[in-house]
Amino acid sequence: MGLLSIIRKIKKKEKEMRILMVGLDNSGKTTIVLKINGEDTSVISPTLGFNIKTIKYQKYSLNIWDVGGQKTIRSYWRNYFEQTDGLVWVVDSSDVRRLDDCRLELENLLKEERLAGASLLVFANKQDIQGALKPEDIVKVLNLDSMDKTRHWQIAGCSAYTGEGLLEGFDWLVQDIASRIYVLD
Amino acid sequence: MEGEDGSESQQSRHPAGTLDPATQKRHAAMIDRLANLHQSRLQQSAARSASSAASPAFESVAAFLTRFDESGRAVEAEIKRCRDLSVDPASAPSLKPELEKVAASIADLDRLVAENSYFLPTYEVRSSLKAISVLKEALDAANSELLPRKKFSFRNKTSKKDPICLVKEIEEEKGPSSDKRVLAAVRDSPGFRNKEGSILIKHFRVSEEEEGDFTLSGLNCCEIYLKGRLRALFIHRLTNCRVYAGPVLGSILIEEVNDCLLMLASHQIRIHHATATDFYLQVRSRPIIEDCSAVRFAPYRLFYEGIDTELRDCGLGEETRNWANVDDFKWLRAVQSPNWSLIPDEELLGTVNVSDVKEQCEDK
C-alpha cells in the first residue's frame, strides 16, 4: 500500500493516465490512436509489436499503449497490464463471425487481477460500414451486462475512419479515471 | 484580533484616568461601538463553525474518520443482514441484488478514501484501506457462502464456445423482439457462403453497397468475381478457389484458405492459416501472414472498365511494391521466412481481364 500511495502521488503531480488499447486483430486500434492524435490514417500496417503515444487530452497526459492483436502476440498483452488506469477494448462491429472469439478474449482479460481496478471502455468500431452491429447489439453479444458490478464500463459506437464517436468515448474514460485518481482539481 | 486587544487595554486605562465629562461621553460611545463589534464577531464565528459542521468532509481528518467508520459499520450491518436473510428461503431471490448493493457501497468507501487521501496522514489512508479490504473479504465470503451458484457459471462458459450456441443462447436469454435484430444482422451480412463448383459474380454498383462489407465463406472449387469497390472483405474457409476482387477501402481478413488464387487490392491485408495459395496484391500497407505455409506473392493484375478510377478513389492508384513486404508473425527474424516467397516471373499470370464477366447467376 505504501508503494501504491507513492505512485498515486507521482501520477497526481503529472496528471498522467496509462491507457491500454487491446482487441482482436483488424479491429482498428492503431487507427483509433492515430485518428485521435490527428495523424494520417491512410497507411497503417498491422501492428507487429506495439506503439506508445503520449497525447495531451484536456488537462491530462494520456500514455496510450496500443498493442498488436494478432493471435501470436496476444499472449504478450499481459506484459502491459501493470498500472493500467484505463482499458480500451476495440471491437470490429462488422466482423460478426469472430464476435465469439472477441467475447472469450475479453472475458479472459477481465479475469486478470492487475486490471481489476481499470475502467473499461468498449469501442464498437467501424460503425460507418453498412451492416455493422450497433453498440446495443455488441453489449448483448459480448454479454457486458453480466460483468462484475464493481467494474466501471461504458460502450461507445465509433468510426475510426471518420473519427465519429472517438472523443465521446475518450471523454468518458478520462472523466471516469480522473474521478478515481485525481478527485481534487 | 490585535485591534480588539488594543482597545480593551485602552478601555481599562481610561476609568482610572480623566473624569472629564466630554471624554467620558466619548468613552461610553466607544464602549458601545466595541460591544457591537464584539457581538457581530461572535455571530460570525458562530456562523462559521456552523457551516464547517455542515460540510465535515472538508479537509478534516476527524470528520473523515467519523464518516468512514459510520459507512464501514453500515456495510458490516448490511452483510450481517444478508446472512440473516439467507436463512429464510423465501428471500433468496432478493439476496443477489442485496449483495451487489453491499459491493457498491464498498466501492463508495474506496472512493471516499481516494477522494480524501490527499490530506489524510499516511497511517489513516493505510488503515482505511485495510478496513476496506477486510470488508471486501467479508463480502466475498458471504458471496461464496450464500450464492454458491458461481460453480455453475463455469460450466456455462465452456459450453458457449460454439458461435451457433452463442446465438441460440442469446435468443433464449432475452426477449425475442430485440434478438431478432442481432440475428437478422448476423444473417443479413452480404456474402457468398457454402457453395461448391460454382462461378459467383457480384458487381457492387449502388453507392450503398460500396459502403458495406462482403463475406466469402465455406467455398469449394469456385470462381469468384467481385467488381466495384467495397469497404471490407472477409474471406474464410476457401479451398481450391480463384478470387478476383476490385479495390477494398478498408481491410481484408483472410482465414483458412487452401490451394487458392486470390487477387486483391486493399489498405490492409491479414492472412491467417493459409497454405499453398498465390496472392496477387495491391496494398497500401505491409501485408501480414500468421500460421501460413507455402504462400506466394505477386503484384495485382486485374482489369475491368473503371477499375483505375476505383483504385485511385481507394488510394490504391500507386504501385507501392508492398505486396513483396510481407511480415510473418511466426517468423520474427531478419532472415527470409520459409513460409512465403515471391512468385517467379515465369509463373506469373498476365493481366486478368474480367470486363466480360457479367452477373448472370443470381444465386446469392
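Observations
- Residue in segment A:132-150 that is open to solvent by 40 Å² or more (accessible area, probe 1.4 Å) and closer than 20 Å to A:Ile19 by Cα present: yes
- Exclusive hit being within 13 Å of chain A (Cβ to nearest Cβ), in contact with an Asp or Glu (Cβ under 9 Å, 6 or more places away or on another chain) and closer than 19 Å to B:Val354 by Cβ, set B:Leu249, B:Leu253, B:Leu230, B:Leu238: B:Leu230
- Filtered by the rule that a residue be at pLDDT 75 or above, open to solvent by 10 Å² or more (accessible area, probe 1.4 Å) and within 14 Å of chain B (Cβ to nearest Cβ), segment A:7-23 gives a lone residue, A:Lys15.
- Strands (runs of 3 or more DSSP E) contained in segment B:187-295 and holding at least 3 residues free of Cβ contacts under 8 Å to residues at least 40 places away in the same chain and touching a strand residue (DSSP E or B) at 6+ places or on another chain (Cβ under 7 Å): B:191-196, B:213-220, B:223-227, B:232-239, B:242-258, B:261-283
- Residue check, A:Leu144 at pLDDT 95 or above and either of a type in the set (Asp, Glu) or over 24 Å from B:Gly191 (Cβ atoms) (or both): no
- Subset of segment B:113-123 (residues that are open to solvent by 40 Å² or more (accessible area, probe 1.4 Å) and within 26 Å of B:Ile79 (Cα to Cα)): B:Glu115
- Considering residues of segment B:300-318 that are part of a loop (DSSP other than H, G, I, E, B) and more than 13 Å from chain A (Cβ to nearest Cβ) only, the residue farthest from B:Ser355 (Cα to Cα): B:Tyr300
- Selection of segment A:42-61 for residues being open to solvent by less than 30 Å² (accessible area, probe 1.4 Å) and in contact (Cβ under 8 Å) with a residue 60 or more places away in the chain yields A:Tyr57, A:Tyr60.
The values are calculated or read from the model by the stated rules, or taken from the named source; none is laboratory data. What you see is a predicted model, and the numbers here were worked out from it, not measured in a lab. A quick note on method: Cβ atoms are made from the backbone with ideal geometry, for glycine too, and the neighbour counts reach across all protein chains shown. Side chains included, ligands, DNA and RNA excluded: accessible areas come from the protein's heavy atoms. Shrake-Rupley method; radii C 1.70, N 1.55, O 1.52, S 1.80 Å.
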